1. Within the range A:114-143, how many residues are under 16 Å from the mean Cα position of the chain (by Cα) and in a helix (DSSP H, G or I)?
2. Quick check on my filter: what residues within the range B:87-113 are over 15 Å from the mean Cα position of the chain (by Cα) and of a type in the set (A, V, I, L, M)?
3. Check B:Leu17, B:Leu36 and return the single one that is part of a loop (DSSP other than H, G, I, E, B), of a type in the set (A, V, I, L, M), at pLDDT below 95 and open to solvent by less than 60 Å² (accessible area, probe 1.4 Å).
4. Given the conditions (1) at the interface with chain B (Cβ under 7 Å from one of its Cβ atoms); (2) closer than 13 Å to B:Leu29 by Cα; (3) in contact with a Ser or Thr (Cβ under 8 Å, 6 or more places away or on another chain), which single one is not true for A:Ile47?
5. Any residue at all in the range B:63-72 that's surrounded by 18 or more Cβ atoms within 10 Å (Cβ to Cβ) and more than 14 Å from every other protein chain (Cβ to nearest Cβ)?
6. Give the number of residues within the range A:1-14 that are of a type in the set (S, T, N, Q), within 16 Å of B:Leu36 (Cα to Cα) and surrounded by fewer than 19 Cβ atoms within 10 Å (Cβ to Cβ).
7. Please state which of the following conditions B:Cys54 fails to meet, knowing it meets all the rest: (1) at pLDDT 95 or above; (2) under 24 Å from A:Asn9 (Cβ atoms); (3) surrounded by fewer than 20 Cβ atoms within 10 Å (Cβ to Cβ).
8. Looking at (1) at the interface with chain A (Cβ under 7 Å from one of its Cβ atoms); (2) within 15 Å of A:Ile25 (Cβ to Cβ); (3) touching a Leu at 6+ places or on another chain (Cβ under 8 Å), find the lone condition where B:Pro15 falls short.
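The values are calculated or read from the model by the stated rules, or taken from the named source; none is laboratory data. All figures in this text were calculated on a predicted structure; none of them were measured in a lab. For neighbour counting, all protein chains shown are included, and Cβ atoms are generated from backbone atoms with ideal geometry for every residue, glycine included. Quick note on the areas: whole protein, heavy atoms, side chains included, nothing else; ligands and nucleic acids left out. Shrake-Rupley method; radii C 1.70, N 1.55, O 1.52, S 1.80 Å.
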2 protein chains.
Amino acid sequence: LQEIDNLSNIISRLPSLGPRSAKRIVLHLIKNREYLIDNFISCLNDIKHNIRYCDSCHNLSNIEICNICANARRDHKIICVVEDVTDLWAIERSKSYNGLYHVLGGTLSAISGVAPEDLKINSLIKRIASGGVEEIIIATNATIEGKTTSHYLVDQIKHYNIKISQPAYGIPIGGEFDYLDDGTLIAALNARHDLVNG
Amino acid sequence: LQEIDNLSNIISRLPSLGPRSAKRIVLHLIKNREYLIDNFISCLNDIKHNIRYCDSCHNLSNIEICNICANARRDHKIICVVEDVTDLWAIERSKSYNGLYHVLGGTLSAISGVAPEDLKINSLIKRIASGGVEEIIIATNATIEGKTTSHYLVDQIKHYNIKISQPAYGIPIGGEFDYLDDGTLIAALNARHDLVNG
């Protein structure tokens, strides 16, 4: 049936789904269409019409300036630079950070052809240049692309007189040596610190 | 953001998805909203307005009688009874069957409170009683509920003078003894047949 194939095609190309789970989802939607489909459509419409990017940090928002940037109780002197909104969500879930963010929208990548002007780097420089920022935490992922992007950002930012930091690499809490990849082990050993004299 | 939470909630309750993959999917929809969301909504609307159940076999259809039931080149003397449309799809994918189907819409289950009148059993009996059917293949799943349903169906059908069969149980093609569950092994050994004298 064309109707089922069309919807399956769209769903199967969403992240973490394939043709078989897509069929199962379509069937579930059909079985529960009375309450599910109208609800689904109205939520999709809300996303389409109400969600935009924050003018300052490029976080998702339903107003010009997102809740985080507009929150006077957060520390506006620190900006944490992340690749994507999912990284911002992960840090917010941890409740370990009270500063602002800057969402780059990806990483530099020669292979995928992502150049500095494809990322929100200029607007980060502008935020720094306009003053008031004392620290930039570069929290790109610990991948080759993330590190390349981090190096590029440091190059662009270092002549402003502000602190530039990155989160520590090491053994994840609860992690066992036997299950760690070599890269993490090397990073953890290189970053070892004195237990007695701190 | 309420808009994102609402859509995530709906998506995370679909089969084979959870809260994290739902967030990833919502983000993907937002990033590609230009072409994706309108298309998605229109496909959902098509499903809602055009998809119905076949009046004869309860397969999904966009007309009163589904393509399979309406196909004169299929064998209308054999009906294969399946639990769900996914089972029908699996058998159709195998291209090993050319008869008709009957989709029960589930299995009998004391625990979930599914009684015979909740399944499309009456309409199966009516199809048999109206004549022309020579064989019923009961292809419910090899689970306790599937077998219970199969026994019940045999009881209901056996006084009609037609053949009632079920697909063979045994070792899956490519299967290794060491990895088989005991139930399959027992079924395969009990159904052993003579290699020399067939």
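1. Start the filter on the range A:114-143 by keeping residues that are under 16 Å from the mean Cα position of the chain (by Cα), which leaves A:118-121, A:124, A:136-143.
With the extra rule that they be in a helix (DSSP H, G or I), the set shrinks to A:118, A:121, A:124.
Residues that pass the stated criteria total 3.
2. Across the range B:87-113, the qualifying residues are B:Ala110, B:Ile111.
3. Details: B:Leu36 fails: part of a loop (DSSP other than H, G, I, E, B).
B:Leu17 is the lone residue from the list that is part of a loop (DSSP other than H, G, I, E, B), of a type in the set (A, V, I, L, M), at pLDDT below 95 and open to solvent by less than 60 Å² (accessible area, probe 1.4 Å).
4. It fails just one condition, (3).
5. Looking through the range B:63-72, none of the residues is surrounded by 18 or more Cβ atoms within 10 Å (Cβ to Cβ) and more than 14 Å from every other protein chain (Cβ to nearest Cβ).
6. Going residue by residue through the range A:1-14, those that are of a type in the set (S, T, N, Q) are A:2, A:6, A:8-9, A:12.
Then keep just the ones that are within 16 Å of B:Leu36 (Cα to Cα); that gives A:6, A:8-9, A:12.
Still in the running and surrounded by fewer than 19 Cβ atoms within 10 Å (Cβ to Cβ): A:6, A:9, A:12.
Qualifying residue count for the region: 3.
7. (3)
8. Evaluating B:Pro15 over (1) at the interface with chain A (Cβ under 7 Å from one of its Cβ atoms); (2) within 15 Å of A:Ile25 (Cβ to Cβ); (3) touching a Leu at 6+ places or on another chain (Cβ under 8 Å) leaves (3) as the failure.
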